[in-house]
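Here's the structure, in structure tokens; my notes come after.
The values are calculated or read from the model by the stated rules, or taken from the named source; none is laboratory data. Please read all numbers here as calculations on a predicted model, not as lab measurements. Every residue, glycine as well, gets a Cβ built from its backbone with ideal geometry; the counts of neighbours run over all protein chains shown. Accessible surface is based on the protein model in full, side chains and every heavy atom, while ligands, DNA and RNA are left aside. Shrake-Rupley method; radii C 1.70, N 1.55, O 1.52, S 1.80 Å.
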Amino acid sequence: MPLLVDGRRVRLPQSAGDLVRAHPLLEERARLLRGQSVQQVGPQGLLYVQQRELAVTSPKDGSISILGSDDATTCHIVVLRHTGNGATCLTHCDGSDTKAEVPLIMNAVKSFSDHTRRGRLEAHLVGGFNDDRQLSQKLTHQLLSEFDRQEDDIHLVTLCVTELNDREENESHFPVIYGIAVNVKTAEIYRASFQDRGPEEELRAARALTGGPMISIYDAKTEQLRIGPYSWTPFPHVDFWLQQEDKQILENLSTSPLAEPPHFVEHIRSTLMFLKKHPSPANTLFPGNKALLYKKNEDGLWEKISSPGS
């Protein structure tokens, strides 16, 4: 079944710009989203999604009311929601394996038992810009094509990607929007930034940096965040990279060096330090090969709970 906009079949392939010009409502929604001020989202009730992670929940969730992600430069943040039961998935895609990731997103939302209730699947794509290597354009095309290949009708509601999310300054290009949040209860999507990217921010970032695939991190039935157990091979030349100046790290370990947020290098350095400290995470981070489990406490903050069977 096709990808639809305003009830009409989308004609692919075409660029994001061509697509919104053919559907003026999409262009208006993108303009309104870009025009918003950025909201600082606090940790209460938040589930922060890192690169190559997805999380899905519904309005019935007593712990999580907001899903969010930021620091997207060439990456895209995707929200898929079922309007009948409110099941909402947010994921941070970097183009590593879009063909495998879109079915994961679809299945995550359809896994809610009452997905057959009346309603429709609505997709929102945000992120990317006119980068020199055209990685954003490639990812936009991949995502639209893969959603178009799915069996279910998918209604494209928001498209604020690549050239629609681009601003120019001193002849350099930057994304307008780096992060978004979705309120699971109200379905509102808005520009956002996050101080708290935990729990286990470095561990989760290390998994992505070492090439781990897209994974689901949250169990809405138990309202628990599940991390690991992960394994990775030691990061090549980790000591070499830790000795490099900021400029070298930025130019070699970013897809878009000029457009990264200010904390990018610091984040990469701390992730590399973490990988150096834990070359074989199975032994040091996941005793007994058990997952790390977190649940929101009464204050709405993540709290570690003991692993099953421990």
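Answer yes or no: is there a residue in region 245-266 that is modelled with pLDDT of 95 or more, in contact with a strand residue (DSSP E or B) (Cβ under 6 Å, 6 or more places away or on another chain) and closer than 30 Å to Thr88 by Cα.
No: zero hits.
Quick one: count up the residues across region 8-22 that are touching a residue at least 24 places away in the same chain (Cβ under 8 Å) and not in a helix (DSSP H, G or I).
Counting residues in region 8-22 that are touching a residue at least 24 places away in the same chain (Cβ under 8 Å) and not in a helix (DSSP H, G or I) gives 4.
Test of understanding: among Leu3, Leu19, Leu25, which residue is open to solvent by 80 Å² or more (accessible area, probe 1.4 Å), among the hydrophobic types (A, V, I, L, M, F, W, C) and either modelled with pLDDT under 95 or out of contact with any strand residue (DSSP E or B) (no Cβ under 9 Å at 6 or more places or on another chain) (or both)? Step through it out loud before you land on a result.
Details: Leu3 fails: open to solvent by 80 Å² or more (accessible area, probe 1.4 Å); Leu19 fails: open to solvent by 80 Å² or more (accessible area, probe 1.4 Å).
It is Leu25.
Check whether at least one residue in region 113-124 is within 23 Å of Val49 (Cα to Cα) and touching a Pro at 6+ places or on another chain (Cβ under 7 Å), and report yes or no.
No.
Confirm whether Asn85 is without any contact (Cβ under 8 Å) to a residue 40 or more places away in the chain, open to solvent by 10 Å² or more (accessible area, probe 1.4 Å), polar (S, T, N, Q) and under 18 Å from Val182 (Cβ atoms).
On the way: without any contact (Cβ under 8 Å) to a residue 40 or more places away in the chain: yes; open to solvent by 10 Å² or more (accessible area, probe 1.4 Å): yes; polar (S, T, N, Q): yes; under 18 Å from Val182 (Cβ atoms): yes.
So Asn85 passes the test.
Can you name the residue in region 88-97 that is more than 16 Å from Gly179 (Cβ to Cβ) and not charged (D, E, K, R) and is also most open to solvent (accessible area, probe 1.4 Å) among such residues?
Step by step, filter region 88-97, then rank; the result is Ser96.
Considering only region 32-82, how many residues are open to solvent by 20 Å² or more (accessible area, probe 1.4 Å), of a type outside the set (A, V, I, L, M, F, W, C) and not in a loop (DSSP other than H, G, I, E, B)?
Residues in region 32-82 being open to solvent by 20 Å² or more (accessible area, probe 1.4 Å), of a type outside the set (A, V, I, L, M, F, W, C) and not in a loop (DSSP other than H, G, I, E, B): 4 in total.
Is there a residue in region 105-115 that is open to solvent by 10 Å² or more (accessible area, probe 1.4 Å) and touching a helix residue (DSSP H, G or I) at 6+ places or on another chain (Cβ under 9 Å)? Let's see the steps before the verdict.
As a first pass, look at region 105-115 and keep what is open to solvent by 10 Å² or more (accessible area, probe 1.4 Å): 107-108, 110-115.
Then drop every residue that is not touching a helix residue (DSSP H, G or I) at 6+ places or on another chain (Cβ under 9 Å), which leaves 115.
Yes: region 105-115 contains one or more residues that are open to solvent by 10 Å² or more (accessible area, probe 1.4 Å) and touching a helix residue (DSSP H, G or I) at 6+ places or on another chain (Cβ under 9 Å).
Can you tell me which residue within region 206-221, out of those that are in a loop (DSSP other than H, G, I, E, B) and in contact (Cβ under 8 Å) with a residue 12 or more places away in the chain, is nearest to the chain's Cα centre (by Cα)?
The residue in question is Met214.
For (1) more than 15 Å from the chain's Cα centre (by Cα); (2) over 25 Å from Leu47 (Cα atoms); (3) part of a strand (DSSP E or B), each residue gets a yes or a no:
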position: Val182; (1), (2), (3): no, no, yes
position: Arg191; (1), (2), (3): no, no, yes
position: Pro199; (1), (2), (3): yes, no, no
position: Arg204; (1), (2), (3): no, no, no
